[in-house]
1. Select, from 215, 232, the only residue that is modelled with pLDDT of 90 or more and not assigned by TED's automatic domain parsing to the domain that holds residue 153.
2. With respect to residue 255, is the statement that it is modelled with pLDDT of 90 or more, over 13 Å from residue 169 (Cβ atoms) and touching a helix residue (DSSP H, G or I) at 6+ places or on another chain (Cβ under 8 Å) true?
3. Regarding residue 226, is this residue more than 18 Å from the chain's Cα centre (by Cα), at pLDDT below 90, more than 26 Å from residue 160 (Cβ to Cβ) and surrounded by fewer than 21 Cβ atoms within 10 Å (Cβ to Cβ)?
4. If you check residue 60 against the conditions, is it without any contact (Cβ under 8 Å) to a residue 24 or more places away in the chain and assigned by TED's automatic domain parsing to the domain that holds residue 151?
5. Quick check on the range 267-279. Is at least one of its residues in contact with a strand residue (DSSP E or B) (Cβ under 8 Å, 6 or more places away or on another chain) and at pLDDT 90 or above?
6. Output yes when any residue across the range 108-122 is closer than 30 Å to residue 239 by Cβ, in contact with a helix residue (DSSP H, G or I) (Cβ under 8 Å, 6 or more places away or on another chain) and not in a loop (DSSP other than H, G, I, E, B), and no when none is.
7. Within the range 123-134, is even one residue over 27 Å from residue 27 (Cβ atoms) and free of Cβ contacts under 8 Å to residues at least 24 places away in the same chain?
8. Could you identify the single residue in 140, 116 that is farther than 19 Å from residue 31 by Cα, surrounded by 16 or more Cβ atoms within 10 Å (Cβ to Cβ) and either at pLDDT 90 or above or assigned by TED's automatic domain parsing to the domain that holds residue 12 (or both)?
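The values are calculated or read from the model by the stated rules, or taken from the named source; none is laboratory data. Predicted model, so just to flag it, every value in this text is computed and none were measured. Heads up, the Cβs are rebuilt from the backbone with ideal geometry, glycines too, and the neighbour counts pull from every protein chain shown.
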């Protein structure tokens, strides 16, 4: 039996613009992804036998079972792409809250893709691996790369960006999932047109290279803050506490603050418990941003 243990890191979105609905039904996005140290823990085992996948142990947050689980579908896709007749067993310690906009399911799927390819001993060209990832979900390709990345298209078109200095990240999740499809419905973005797309792409890409890029806004905040009014108060509190940026992640419902000063991050996390005493929160004061080098080192070092 071959096995490998991996961390599936969460992500935050340092800015997210929704331009409109595309002809294929998806929405055209511009976003900056950033890996953070909050992570699910996975162990993937590969054995001889009839091709099959089983999620045989789960702890932490609840996840869908069987084919409804994105990590299971990722393993099935990898076996088929590689032409392998193997059994895959996945153990998952789920630490990233589901429905939070932190990308937990997508990160798990990408980690499984990487692990199955690694354990198989086979080579899979990068473009084929990215295609498998994009078929599984819009932000799965990002989790093959990690670090700080520009996302275009529906989020699956990814371009590495210069890394930002390591920062502490405080995360708040209101213990309630935000359905992505519903968030888009509430957003009611207009249909995308070719005329509108080009200048918006140029503006967004140019802004990425400016110091102010980290402070770009998330278009989902107005609709999510209407549902969770306390999140708007939390954002103001994080900014007053010294966060360089505070924003919703993805379509929510998690909100984060990025701090250059770790002591301010710690004080902000403690302060959140006083700010929202009646709101159960998931807060991680000691999370940090994760560079692409660290993200990629897990399998390279084995």
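1. 232
2. no
3. yes
4. no
5. Yes.
6. Checked against the condition, which is being closer than 30 Å to residue 239 by Cβ, in contact with a helix residue (DSSP H, G or I) (Cβ under 8 Å, 6 or more places away or on another chain) and not in a loop (DSSP other than H, G, I, E, B), the range 108-122 yields no hits at all.
7. yes
8. 116
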